[in-house]
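Below is one structure, written out as structure tokens, with a few remarks after it.
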Amino acid sequence: MAMSFAALAGFVVGALAVLFYRNQIEAPSRAAAADGVETGAALPQGVASVLAVLPSSAVVLDAHDRVLRASSAARAFGLVKGDRLMAAELLALARQVRRDGEIRESEIDVAGHKFGQETTNFAVRVAPLGSYGQVLVLAEDQTERRRVEAVRRDFVANVSHELKTPVGAMSLLAETIQDAADDPEAVSRFAGRMQHEAARLNYLIQDLITLSRIQGAEPIPTPGQVSIDEAIHGAIEYCNTRASAKDIALVTGGTEGLRIWGDDDLLVTALRNLIDNAVAYSPDHTRVVVSVRPAGDSVEISVSDQGIGIPEEALERIFERFFRVDAARSRATGGTGLGLAIVKHVAAAHAGEVSVWSKEGSGSTFTLRLPAFGGTAVAVPPSIPLEAAK
């Protein structure tokens, strides 16, 4: 993106320079007469039209730092007010360019003009125009690009860390087994640990594959009728072993026979992650409740636990990839840190949403709201096959 901006900026600077040169040769006083300003201070014909179609912020300054022309984007970002350039760094660059005639490029941060945005980052290019001290300033907002790059860097760093832990553990365990070859009991114990780390690695890889498949929010390629009851049963069956180990009861309730239009494997994956999360963060001898209810043209599936809850300040971030409220506790539970991100993307892939209610010490409730099959949440009697209930 930075390269494309530089290429565009170079083209614009060249085009405007040609316009300035041609106007100065052909009609040095025509623009001045029309605008009532001194010769050379007015904007040559055609320049305004070029600036009007630029996607980036564009400003033309005269020899006294007065704004002759500013694009709507420049004013919207607060770079220009009235006939003044408000960004001090840009103004300093413009004065340097005016003094030595050299084109300059830089990056600057400007106080955020949009609600909730602290700063806006711009890639800027400043170039001289004509021979009357006029300067062109081009500024491209690259705040979102920088945010995406930061997310990508964090993602790669987190994946590397998560992969390193089980791989490193398996390497050490393999060395230990080799040293304890004459001790069958030790070999059996360490082999079990290796199986645990291998399973953890497998879960992470599977979650990464699932996330990469659905994070583009693209429509499900081959949707079909999905039985909510069957999806819940499949997810609970997967989580039963872990729940039993903690004596946590997995309870279902609500309306039976509801259906959605989507992908049954993805729905089971989302519910599995929600239930597994609830079990992991719940104390022993409690229960996790999965309930279903119709909600107009949608179906709501809620997973509630009696666990530790989530701090209020963390609620907005829990669906981010690898975000952990308590990193030490999360790694102790063996989670990959991708479960809730997968749930969010599964909901988006079904044109639905996921929400959360939580209070520290009182547990949490995650609710998937998905469009019902046929546009209305109607229960189908268990005796009627899904294919016949159309």
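Filtered by the rule that a residue be at negative phi and in a loop (DSSP other than H, G, I, E, B), region 238-269 gives K246, I248, T255, E256, L258, D263.
Here is a list: V137, V148. Which entry is under 26 Å from the mean Cα position of the chain (by Cα) and hydrophobic (A, V, I, L, M, F, W, C)? Explain how you work it out, then say what you get.
Values: V137 fails: under 26 Å from the mean Cα position of the chain (by Cα).
None of the other options fit; the residue is V148.
None of V288, V279 is part of a strand (DSSP E or B) and touching a residue at least 12 places away in the same chain (Cβ under 8 Å) except V288. Tallying residues that are under 30 Å from V187 (Cβ atoms) and buried (at least 16 other Cβ atoms within 10 Å of the Cβ) within region 125-171 yields 4.
Just wondering, is there one or more residues in region 159-167 that are closer than 29 Å to V343 by Cα, among the small types (G, A, S) and either in contact (Cβ under 8 Å) with a residue 12 or more places away in the chain or part of a helix (DSSP H, G or I) (or both)? Steps first, answer last, please.
Start the filter on region 159-167 by keeping residues that are closer than 29 Å to V343 by Cα, which leaves 159-167.
Adding the requirement that they be among the small types (G, A, S) leaves 160.
Now narrow it down to the ones that are either in contact (Cβ under 8 Å) with a residue 12 or more places away in the chain or part of a helix (DSSP H, G or I) (or both): 160.
Checking region 159-167: at least one residue is closer than 29 Å to V343 by Cα, among the small types (G, A, S) and either in contact (Cβ under 8 Å) with a residue 12 or more places away in the chain or part of a helix (DSSP H, G or I) (or both).
Residues checked against (1) crowded, with 17+ Cβ neighbours inside 10 Å; (2) farther than 19 Å from A199 by Cα; (3) at pLDDT below 95; (4) assigned by TED's automatic domain parsing to the domain that holds L208:
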{"position": "C239", "(1), (2), (3), (4)": "yes, no, yes, no"}
{"position": "R242", "(1), (2), (3), (4)": "no, no, yes, no"}
{"position": "G253", "(1), (2), (3), (4)": "no, yes, yes, no"}
{"position": "R259", "(1), (2), (3), (4)": "yes, yes, yes, no"}
{"position": "L267", "(1), (2), (3), (4)": "yes, yes, yes, no"}
{"position": "P283", "(1), (2), (3), (4)": "no, yes, yes, no"}
{"position": "V290", "(1), (2), (3), (4)": "yes, yes, no, no"}
{"position": "D297", "(1), (2), (3), (4)": "no, yes, yes, no"}
{"position": "V303", "(1), (2), (3), (4)": "yes, yes, no, no"}
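L85 passes every criterion in (1) touching a helix residue (DSSP H, G or I) at 6+ places or on another chain (Cβ under 6 Å); (2) farther than 11 Å from V59 by Cβ apart from (2). I'd like to know if region 228-237 contains one or more residues that are surrounded by 15 or more Cβ atoms within 10 Å (Cβ to Cβ), out of contact with any His (no Cβ under 7 Å at 6 or more places or on another chain) and either among the charged types (D, E, K, R) or outside the structural domain of R287 (by TED's automatic domain parsing) (or both). Yes, there is a match, as at least one residue in region 228-237 is surrounded by 15 or more Cβ atoms within 10 Å (Cβ to Cβ), out of contact with any His (no Cβ under 7 Å at 6 or more places or on another chain) and either among the charged types (D, E, K, R) or outside the structural domain of R287 (by TED's automatic domain parsing) (or both).
Determine whether E175 is touching a Ser or Thr at 6+ places or on another chain (Cβ under 8 Å) and either at pLDDT below 85 or surrounded by fewer than 13 Cβ atoms within 10 Å (Cβ to Cβ) (or both).
Details: touching a Ser or Thr at 6+ places or on another chain (Cβ under 8 Å): no; either at pLDDT below 85 or surrounded by fewer than 13 Cβ atoms within 10 Å (Cβ to Cβ) (or both): yes.
Taking the combined requirement at face value, the residue does not satisfy it.
The single condition among (1) modelled with pLDDT under 70; (2) within 22 Å of the chain's Cα centre (by Cα); (3) not acidic (D, E) that A332 does not meet is (2). Restrict the check to region 113-121 and report whether at least one residue is more than 26 Å from the chain's Cα centre (by Cα), polar (S, T, N, Q) and surrounded by 13 or more Cβ atoms within 10 Å (Cβ to Cβ). Looking through region 113-121, none of the residues is more than 26 Å from the chain's Cα centre (by Cα), polar (S, T, N, Q) and surrounded by 13 or more Cβ atoms within 10 Å (Cβ to Cβ). Taking the numbered list (1) touching a helix residue (DSSP H, G or I) at 6+ places or on another chain (Cβ under 8 Å); (2) within 19 Å of H350 (Cα to Cα); (3) at pLDDT below 90 in turn, I209 passes all entries but (1).
Entry remark, region 182-213: residues being farther than 27 Å from E320 by Cβ, of a type in the set (D, E, K, R) and part of a helix (DSSP H, G or I) number 3 in total.
The number of residues in region 59-87 that are assigned to a strand (DSSP E or B) and either small (G, A, S) or farther than 21 Å from E118 by Cα (or both) comes to 9. When only residues in region 306-323 that are among the charged types (D, E, K, R), free of Cβ contacts under 8 Å to residues at least 60 places away in the same chain and in a loop (DSSP other than H, G, I, E, B) count, which is surrounded by the fewest Cβ atoms within 10 Å (Cβ to Cβ)? Residue satisfying both the conditions and the ranking: E316.
The values are calculated or read from the model by the stated rules, or taken from the named source; none is laboratory data. From a predicted model like this one, the values you see are computed outputs, not experimental measurements. Cβ sites come from the backbone with ideal geometry, for glycine too, and all protein chains shown count toward neighbours.
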